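Undergrad: Submitted below is the structure of interest, expressed as C-alpha cells.
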Amino acid sequence: MVGIHHLGFPRIGAQRELKFVLESYWRGESSRQQLLAEGARLRQQNWQRQERLDWQSVGDFSFYDQVLDTSLLWGVLPARAHRPGAHAIDDYFRAARGRSADLAEGVAAGQMTKWFDTNYHYIVPELSAETAFHLQADFYVDQVREAQQQGHRVKAVLIGPVTYLYLARGADAATRAALLPRLLPLYQELLRQLQALGVAWVQMDEPALVTDLEDVWWHAYDQAYSLLPEAGPKILLSTYFGGIGEHYQRICRWPVQGLHIDAVRAPEQVALWAAVWPKERVLSLGVIDGRNIWRSDLSALLDRIAPIHAERGESLWLAPSCSLLHVPVDLSVERGLDPELRSWCAFAQQKLEELQILAQALRAGRATVAEQLAAADAALAARRASPRVHDARVAAAMQEIASLRRQRHSSFAVRSQAQQARWSRPLYATTTIGSFPQTEDIRAVRSRHRRGQIDDAEYTRLMQAQIAHCVAEQEKLGLDVLVHGEAERNDMVEYFAEFLQGFAFSSHAWVQSYGSRCVKPPILFGDVRRPAPMTVAWARYAQSLTDKPMKGMLTGPVTLLNWSFVRDDQPRTTTCLQLALAVRAEVLDLEAAGLPIIQIDEAALREGLPLRRKDRQAYLDNAVAAFALAAHGVEDATQIHTHMCYSEFGDIMESIIAMDADVITIETARSAMQLLDAFDTLHYPNDIGPGVYDIHAPNLPSEAQIEALLRAAGRRIPAARLWVNPDCGLKTRRWQEVLPALATLVRVAQRLRQEAAAEPAPV
C-alpha cells in the first residue's frame with residue numbers, strides 16, 4: 001500500500017510556545033530545565049499530530065535552526081562560542097546570536113542567510129581546510145529514543161553531508177568539498193547508532209541537488225552516496241525546491257533505497273522518475289505544497305497519482321513537497337479569517353490530513369473518502385468563482401502599465417545635484433533603516449485599538465506621542481536623516497496589506513523566520529488595489545516635528561509578494577505588478593505631502609531568485625520593472641532609497657544597479673563587508689549604505705568595530721557616496737541597546753567626516 005510521511009513539521013507550536021520560552025530563557029527569567037522541558041513537550045505534541053502517518057519524523061525539531069544543529073552534531077561550532085564550563089546549549093546560542101542567558105561578554109554571532117529561496121534564515125557553518133569534525137550526537141540520539149519510548153515509528157531526519165558542506169563558508173568550494181572524507185565516517189557512525197536503535201529509515205536532506213552544481217560537488221555526491229547506504233538504515237534521499245530530472249542517470253546509480261522529489265515546484269519531473277526509478281526502491285512524491293497555505297486539488301492529484309500507484313504499489317510514498325516549516329501549524333486555532341477564506345486554506349496539520357485522504361482513496365477506493373473529496377472540490381470551485389478574487393478596476397489599471405515610463409526622469413548624476421540642492425547632505429550621512437523598538441507600550445496601544453477599547457482619535461494621539469519621542473531621540477543622537485519609527489506598524493508587510501484590497505489576515509498563522517523570530521504573512525488571495533493612502537498622515541506628522549529630512553517608509557512590491565502567502569491562480573509576475581501600482585500611488589502621495597526622501601524596501605528581492613541560473617534573468621527583469629514602476633513619476637529632487645536584507649548579491653549586482661535607486665542600504669555587518677567584494681570587478685554608480693551595526697544580535701558595536709567596517713567600505717566606495725546606517729530595522733531591539741549603538745555610529749561618522757574635511761583637496 002502507498003506510504004505517507006512528511007519531511008518536517010513546524011517546531012514553534014500553534015501558539016508560538018517555543019518563541020516565548022526561548023526569549024524567557026535568554027532574559028534569565030526561566031531555567032535551562034524549563035527550556036528543555038518545553039522542547040520535549042513540543043516534540044511530543046508534533047509526533048502526536050503525525051500518528052496517522054506511516055512514519056513520524058525525528059530530527060526536524062530545533063531550538064534555533066537545523067543547520068546550526070548540524071554544526072553542533074559534528075562538533076564544529078565556532079571556537080569563539082565556547083565558554084569553559086558552559087552547557088552545550090549556551091555555546092549553541094552564542095554561536096547563533098552572540099549571547100546566551102549568561103552574563104558573559106558577547107561574541108560575534110554567526111553569519112545568517114536565507115535557506116535557499118525561502119524566508120527562513122540559518123546560521124552559516126564556518127569551515128576551513130583545518131576543520132576537524134567530532135561526533136556529538138547525544139542530543140540527537142536522545143530524541144530518537146524519546147520518540148520510540150512514546151511508541152512512534154521513527155524516520156530520522158538529517159541534513160545530508162554534501163548540502164551541509166555546500167552551505168558552509170570560510171573556504172572555497174573545493175576546500176569545503178575536500179572535507180567530505182573527514183565528515184563521512186561520522187555520518188556512518190551515526191547511521192550505525194540509529195540502526196542499533198531499530199531505526200529503519202533515515203531521510204537525508206540534499207536540497208543542494210536542485211541548484212546549479214560545480215563538478216566538485218557532483219564528485220562529492222558520488223562519493224557520499226556510494227558509501228552511506230551501506231552504513232545502516234535505509235536512506236531516503238530527499239530533494240525539494242526544484243527538479244533533478246536531468247540528473248536521473250547519475251542519481252539512479254547511487255544505491256540509496258528511496259528518493260523524494262518535489263512534485264509541486266517541478267511537476268514535470270514526476271513522469272520521468274516514475275518511469276526510471278527502480279520499482280524495488282521507494283519513490284516519494286511531494287504532492288502537497290509545503291510552501292503555501294491553499295487547499296490541494298485532491299481529485300486532480302488522485303488522477304495523477306493513481307496510475308503511478310498501480311505500477312509501484314507499496315514503493316510509492318506521498319508527502320508534502322518540502323518541510324512544513326514554511327507554513328502555519330494548525331488552521332483549527334485560526335480565528336482571524338472569515339469562513340469563506342478559511343475554507344480555501346490548509347495549514348500544516350490540514351496538509352497531513354490531506355495526505356491521509358489521498359492514501360485512503362488509493363488504498364480503499366475514492367468512495368471511502370467521497371465526503372472529504374467533495375468538500376475539497378466545493379472549496380476550490382467557490383474560490384475560483386468568488387467575486388472577491390477579481391477586480392475590473394485593477395485589470396483596467398494593468399492595461400495602462402505599458403504606457404508608463406519605467407525610468408526616472410534624469411540620470412543619477414543629475415538627480416543627485418537636485419537632491420543636494422533640496423537638502424545639504426554631509427559626507428558619511430547617518431540614518432537608520434526605518435523601524436525603532438516596538439515596546440510593550442506600543443503593542444498595548446495597538447492591541448487596545450484593535451479590541452475597540454480606544455477610539456481612532458485616542459489611538460492617533462498615543463501613536464503621535466510615540467512618533468514624537470522617536471523623532472526627538474534621533475535629533476538628540478545627531479542623525480542626519482530621520483524616520484518616524486513605525487510605531488503604528490505591526491509588521492513591514494502585514495501593515496501595508498491591511499490597507500490593500502486583495503489581502504486577508506490571520507490571527508495565528510505564524511511561521512518561523514529565524515530563532516525566536518516569527519512572522520505572520522498576510523494572505524494574498526485576489527487582485528490588489530490601494531483604496532486610500534496608507535502612511536501619509538504619519539509621515540506628514542513626523543516631518544512637521546523636525547527641520548531635518550524625514551524618510552517616508554514603504555515596503556516594495558517584490559517584498560510584499562515574497563513575504564506573503566501568494567495566490568496560485570495567476571502568474572506571480574502579474575501579482576507583483578499589481579502590487580507595484582499600489583506602492584506607486586503611495587509614493588506619489590508621500591512626495592506630494594513634502595517628504596524629500598522615500599524608502600521602498602526590497603528586503604526580499606534576492607529571496608525569490610530562482611535556484612537555477614537559466615530561470616533567474618526573467619525573475620530579475622520583472623523585479624527591476626516592478627521597482628521602477630513603484631518609483632515612476634517622482635521628481636529628480638525626491639531621493640529614492642531601498643534596503644535589502646541578508647543575502648548574497650554579487651551575482652545579481654547588475655540587476656540591483658538597474659533598479660537605479662538613489663541610495664541602497666544592505667546588511668553587511670555580520671559578513672564584515674564581504675558583500676563589497678563584488679565591487680572589485682563591478683562599479684556601483686549610486687549611493688550605498690553598507691550596514692555597520694548588526695541588529696540581530698544583542699551585542700553593542702564598539703567604535704573600533706564600526707570604524708573598521710567603514711574604512712573597509714571606504715576602500716571601495718568614495719566618501720561622497722557612502723552612507724552610515726545599521727544593517728536592518730531596529731524593531732526587535734530595546735531602546736537601551738539602540739541608543740548607545742546609534743550614538744557610537746554617529747560619533748564614528750562625524751569623526752570620519754571631520755577627517756575627510758581636513759584632507760587637502762585633490763589637485
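The values are calculated or read from the model by the stated rules, or taken from the named source; none is laboratory data. Computed from a prediction, not measured in an experiment: that's the story for all the values here. All Cβ positions, glycine included, derive from the backbone under ideal geometry; neighbour counts span all protein chains shown. For accessibility, only protein heavy atoms count, side chains too; no ligands or nucleic acids. Shrake-Rupley method; radii C 1.70, N 1.55, O 1.52, S 1.80 Å.
Undergrad: State the dimensionless ratio Rg/Rh of the chain (Rg: radius of gyration of Cα atoms; Rh: Kirkwood radius).
TA: Taking Rh as the inverse mean 1/r over Cα pairs, Rg/Rh reads 0.96.
Undergrad: A further question on this structure: Just how large is the dipole of segment 1-76 about the Cα centre, in debye to the nearest 20, putting +1 at every Lys and Arg Cβ and -1 at every Asp and Glu Cβ?
TA: Roughly 160 debye for segment 1-76.
Undergrad: Roughly how compact is segment 26-120, stated as its Cα Rg over 2.2 N^0.38 Å to two decimals?
TA: Working it through for segment 26-120, the quotient is 1.22.
Undergrad: Still on this structure, please answer the following. Using mean Cβ contacts within 10 Å as the protection proxy, how do 79-88, 235-244 order, highest first?
TA: The densest-packed peptide leads the list: 235-244, 79-88.
Undergrad: Here's something else I'd like to know. Starting from the amide H of GLY689, placed 1.01 Å from N in the peptide plane, find each other amide H under 5 Å away whose residue is 5 or more places distant or on another chain.
TA: ILE664, THR665, ILE666, TRP723
Undergrad: Can I ask one more? Along the Cα-to-Cβ line of TRP735, 7 Å from the Cα, sits a label point; which residues in segment 423-464 have backbone N less than 17 Å from it?
TA: So the set is 435-446, 462-464.
Undergrad: Can you list the residues, at least 5 places off or on another chain, whose amide H is less than 5 Å from the amide H of SER238, using H built in the peptide plane?
TA: Sorted by chain and number, the residues that satisfy this are MET204, ASP205, GLU206, HIS260.
Undergrad: Follow-up. Of the accessible area of segment 31-145, with the probe set at 1.4 angstrom, what percent is carbon plus sulfur?
TA: C and S atoms contribute 48 percent here.
Undergrad: Taking R0 as 30 Å, what FRET efficiency do you get between ALA40 and GLN136 from their Cβ-Cβ distance, rounded to the nearest 0.05?
TA: 0.95
Undergrad: Calculated FRET efficiency, ALA457 and ALA618, Cβ-Cβ r, R0 51 Å, to nearest 0.05?
TA: 0.55
Undergrad: Using a Förster distance of 41 angstrom, determine the FRET efficiency expected from the C-beta separation of ASP222 and GLN33, and round it to 0.05.
TA: 0.35
Undergrad: Are there trypsin sites (Lys or Arg not before Pro) in segment 320-384 that DSSP puts in a loop and that have at most 16 other Cβ atoms within 10 Å, and which ones?
TA: Loop-located and lightly packed - ARG335.
Undergrad: For Cα pairs less than 8 Å apart in space and 6+ apart in sequence, what is the mean separation divided by the residue count of the chain, i.e. the relative contact order in percent?
TA: 13 percent
Undergrad: For Cα pairs less than 8 Å apart in space and 6+ apart in sequence, what is the mean separation divided by the residue count of segment 512-611, i.e. the relative contact order in percent?
TA: Normalised by residue count, the contact order of segment 512-611 is 39 percent.
Undergrad: Can you tally the net charge around ALA444? Count Lys and Arg as +1, Asp and Glu as -1, for every other residue whose Cβ sits under 12 Å from the Cβ of ALA444.
TA: Computed value for this residue: +3.
Undergrad: If you build the Cα gyration tensor of segment 638-722 and take the root of 5 times each eigenvalue, what three semi-axes come out, in whole angstrom, biggest first?
TA: Semi-axes (√(5λ), whole Å): 21, 14, 13.
Undergrad: With everything on Cα atoms, drop me the angle between helix 348-364 and the longest principal axis of the chain, reported from 0 to 90° to the nearest 10.
TA: 30 degrees
Undergrad: While we're on this one: Kirkwood Rh over alpha-carbon pairs of segment 259-354, then Stokes-Einstein at 4 °C and 1.567 mPa s: what D in µm² s⁻¹, rounded to an integer?
TA: 91 µm²/s
Undergrad: Between segment 115-134 and segment 537-587, how many Å separate their Cα centres?
TA: Centre-to-centre distance over Cα atoms comes out at 33 Å.
Undergrad: Counting only GluC sites (Glu not before Pro) that are in a DSSP loop and have at most 15 other C-beta atoms within 10 Å, tell me the longest site-free stretch of the chain.
TA: For GluC sites (Glu not before Pro) (loop position, at most 15 other Cβ atoms within 10 Å), the longest site-free span of the chain is 499-634.
Undergrad: So, one more: Rounded to the nearest 5, what % of the DSSP beta bridges within the chain are antiparallel ones?
TA: 15 percent
Undergrad: In nm, to one decimal, how far is the modelled label at GLU759 from the one at GLU400, with both set 7 Å along Cα→Cβ?
TA: Once both label points are built, they end up 4.8 nm from each other.
Undergrad: Compute the acute angle (0 to 90°) between the alpha-carbon long axis of helix 138-149 and the principal axis of greatest extent of the alpha-carbon atoms of the chain; round to the nearest 10°.
TA: Once rounded, the angle reads 50 degrees.
Undergrad: On a C-alpha basis, how far is the centre of segment 247-282 from the centre of segment 178-210 in Å? Whole number, if you could?
TA: Using only Cα atoms, the two centres lie 20 Å from each other.
Undergrad: Round to the nearest 10 and give me the degree value, 0 to 90, for the angle of helix 616-630's Cα axis relative to the longest principal axis of the chain.
TA: Once rounded, the angle reads 40 degrees.
Undergrad: Tell me the mean residue ellipticity at 222 nm calculated for the chain from its helices only (DSSP H runs of n ≥ 4, each -39500 (n - 2.57), averaged over every residue, nearest 500).
TA: -12500 deg cm²/dmol
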